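What follows is a single structure, written as C-alpha coordinates, with notes after it.
The values are calculated or read from the model by the stated rules, or taken from the named source; none is laboratory data. Just so it is clear, the model here is predicted, and its values are computed rather than measured. Here the Cβ positions follow ideal geometry from the backbone for every residue, glycine too, while neighbour counts run over all protein chains shown. Each accessible area value is taken on the protein alone, full model and side chains, heavy atoms only, with ligands, DNA and RNA left out. Shrake-Rupley method; radii C 1.70, N 1.55, O 1.52, S 1.80 Å.
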Amino acid sequence: QVQLVESGGGLVQAGGSLRLSCAASGRIFGDNYMAWFRQGSGKEREFVADQSKIIGTTNYADSVKGRFTISRDNAKNTVYLQMNNLKPEDTAVYYCALKLGLRSYDYWGQGTQVTVSS
(Lines give C-alpha, C1' and ligand atoms only; values in the text may rest on other atoms or scores of the structure.)
Protein backbone atom coordinates (compact mmCIF):
# COMPACT_ATOMS: atom_id res chain seq x y z
CA GLN A 1 0.00 0.00 0.00
CA VAL A 2 1.14 3.54 -0.81
CA GLN A 3 0.28 6.63 1.19
CA LEU A 4 0.61 10.20 -0.08
CA VAL A 5 0.47 13.28 2.14
CA GLU A 6 0.28 16.78 0.69
CA SER A 7 1.21 20.00 2.43
CA GLY A 8 1.91 23.63 1.65
CA GLY A 9 -1.49 24.89 0.59
CA GLY A 10 -2.87 28.16 1.82
CA LEU A 11 -4.21 31.59 0.97
CA VAL A 12 -2.15 33.93 -1.20
CA GLN A 13 -2.71 37.08 -3.21
CA ALA A 14 -2.69 37.10 -6.98
CA GLY A 15 0.88 37.27 -8.23
CA GLY A 16 2.20 35.48 -5.18
CA SER A 17 3.95 32.14 -4.89
CA LEU A 18 3.37 28.90 -3.07
CA ARG A 19 5.23 25.61 -2.84
CA LEU A 20 3.38 22.34 -2.41
CA SER A 21 4.97 19.16 -1.14
CA CYS A 22 3.86 15.55 -1.34
CA ALA A 23 5.61 12.78 0.55
CA ALA A 24 5.07 9.18 -0.52
CA SER A 25 5.53 6.16 1.68
CA GLY A 26 4.93 2.45 1.36
CA ARG A 27 5.88 -0.23 -1.13
CA ILE A 28 7.22 1.77 -4.05
CA PHE A 29 9.43 -0.20 -6.42
CA GLY A 30 11.06 0.56 -9.72
CA ASP A 31 10.06 3.39 -11.99
CA ASN A 32 7.22 5.60 -10.93
CA TYR A 33 5.53 8.84 -11.81
CA MET A 34 4.35 11.43 -9.36
CA ALA A 35 1.86 14.02 -10.45
CA TRP A 36 -0.25 16.95 -9.38
CA PHE A 37 -3.91 17.31 -10.24
CA ARG A 38 -6.35 19.97 -9.15
CA GLN A 39 -10.07 20.42 -8.88
CA GLY A 40 -11.74 23.80 -8.65
CA SER A 41 -15.18 24.32 -7.21
CA GLY A 42 -17.79 22.92 -9.57
CA LYS A 43 -15.15 21.79 -12.05
CA GLU A 44 -13.68 18.49 -13.15
CA ARG A 45 -10.37 17.31 -11.81
CA GLU A 46 -7.60 18.28 -14.21
CA PHE A 47 -3.99 17.33 -14.75
CA VAL A 48 -1.39 19.90 -13.70
CA ALA A 49 2.06 18.33 -13.97
CA ASP A 50 4.01 15.11 -13.54
CA GLN A 51 7.57 13.84 -13.43
CA SER A 52 9.14 10.42 -13.83
CA LYS A 53 11.61 9.14 -11.27
CA ILE A 54 14.38 7.77 -13.48
CA ILE A 55 14.32 9.91 -16.61
CA GLY A 56 13.01 13.02 -14.94
CA THR A 57 10.74 13.89 -17.85
CA THR A 58 8.20 16.54 -16.96
CA ASN A 59 4.81 17.41 -18.40
CA TYR A 60 2.69 20.48 -17.74
CA ALA A 61 -0.80 21.57 -18.50
CA ASP A 62 -0.83 24.54 -20.86
CA SER A 63 -2.59 26.64 -18.25
CA VAL A 64 0.36 26.44 -15.84
CA LYS A 65 3.35 26.06 -18.14
CA GLY A 66 5.91 28.77 -17.47
CA ARG A 67 4.48 29.51 -14.03
CA PHE A 68 4.60 26.15 -12.23
CA THR A 69 7.60 23.88 -11.81
CA ILE A 70 7.49 20.27 -10.67
CA SER A 71 10.52 18.64 -9.06
CA ARG A 72 11.38 15.50 -7.13
CA ASP A 73 13.62 14.47 -4.28
CA ASN A 74 13.94 10.75 -4.92
CA ALA A 75 15.81 10.10 -1.68
CA LYS A 76 12.77 11.38 0.20
CA ASN A 77 10.14 10.05 -2.21
CA THR A 78 8.80 13.57 -2.33
CA VAL A 79 7.47 15.68 -5.17
CA TYR A 80 7.13 19.45 -5.12
CA LEU A 81 5.13 21.96 -7.07
CA GLN A 82 6.52 25.47 -7.12
CA MET A 83 3.72 27.81 -8.13
CA ASN A 84 4.62 31.35 -9.19
CA ASN A 85 2.52 34.23 -10.46
CA LEU A 86 -0.58 32.66 -9.05
CA LYS A 87 -3.93 33.68 -10.47
CA PRO A 88 -7.43 33.47 -8.98
CA GLU A 89 -8.24 30.74 -11.49
CA ASP A 90 -5.55 28.58 -9.85
CA THR A 91 -7.79 28.30 -6.81
CA ALA A 92 -8.51 24.62 -6.28
CA VAL A 93 -7.84 21.59 -4.16
CA TYR A 94 -4.52 20.20 -5.31
CA TYR A 95 -4.01 16.45 -5.22
CA CYS A 96 -0.83 14.45 -5.37
CA ALA A 97 -0.91 11.15 -7.25
CA LEU A 98 1.48 8.29 -7.94
CA LYS A 99 1.61 5.50 -10.46
CA LEU A 100 4.00 2.57 -10.75
CA GLY A 101 5.55 2.03 -14.16
CA LEU A 102 2.90 2.05 -16.87
CA ARG A 103 0.02 1.57 -14.47
CA SER A 104 -2.69 4.14 -13.94
CA TYR A 105 -2.72 6.68 -11.12
CA ASP A 106 -4.05 4.41 -8.40
CA TYR A 107 -2.69 6.27 -5.38
CA TRP A 108 -3.94 9.67 -4.29
CA GLY A 109 -3.42 12.05 -1.43
CA GLN A 110 -6.16 13.79 0.53
CA GLY A 111 -5.57 17.11 -1.19
CA THR A 112 -4.48 20.54 -0.04
CA GLN A 113 -6.44 23.74 -0.58
CA VAL A 114 -4.90 26.59 -2.56
CA THR A 115 -6.83 29.85 -2.59
CA VAL A 116 -5.68 32.85 -4.60
CA SER A 117 -7.36 36.15 -3.84
CA SER A 118 -7.71 38.95 -6.37
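Quick look at the values:
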read-out: Fully extended contour minus Cα-Cα distance, from residue 62 to residue 23, at 0.36 nm per residue; value: 11.5 nm
read-out: Derived scalar couplings ³J(HN,Hα) [segment 98-109; Karplus, 6.51 cos²θ - 1.76 cosθ + 1.60; whole Hz; x for Gly, Pro]; value: 9, 10, 9, x, 8, 6, 7, 6, 9, 10, 9, x
read-out: Solvent-accessible area of residue 54 with every protein chain in place, 1.4 Å probe, in Å² to the nearest 10; value: 110
read-out: Cβ-defined net charge surrounding residue 63, 14 Å radius [Lys, Arg +1; Asp, Glu -1]; value: +1
read-out: Point-to-point label distance, residue 7-residue 31, nm (Cα→Cβ direction, 7 Å offset); value: 3.1
read-out: Packing-based ranking, highest mean first, of 15-21, 93-99 given that Cβ atoms within 10 Å are counted; value: 93-99, 15-21
read-out: Paired Rg and Dmax values of segment 46-118, which use every Cα atom, in angstrom; value: 12.8, 40
read-out: Sites matching chymotrypsin sites (Phe, Trp or Tyr not before Pro) across segment 1-78 that sit in DSSP coil, with at most 10 neighbouring C-beta atoms within 10 Å; value: 29
read-out: Exposure of residue 76 as accessible area (Å², to 10), given a probe of 1.4 Å and all protein chains; value: 130
read-out: Among beta bridges that DSSP assigns inside the chain, antiparallel share in %, nearest 5; value: 90
read-out: For the chain: lysine pairs under 25 Å (alpha-carbon distance), excluding those fewer than 8 apart on one chain; value: 9
read-out: Length added when fully stretched, residue 14-residue 75, from 0.36 nm per residue minus Cα-Cα; value: 18.6 nm
read-out: Summed residue charge, Cβ within 11 Å of residue 83's Cβ, Lys/Arg positive, Asp/Glu negative; value: +3
read-out: Surrounding net charge for residue 24, when Lys and Arg each add one and Asp and Glu each subtract one, Cβ distance under 13 Å; value: +2
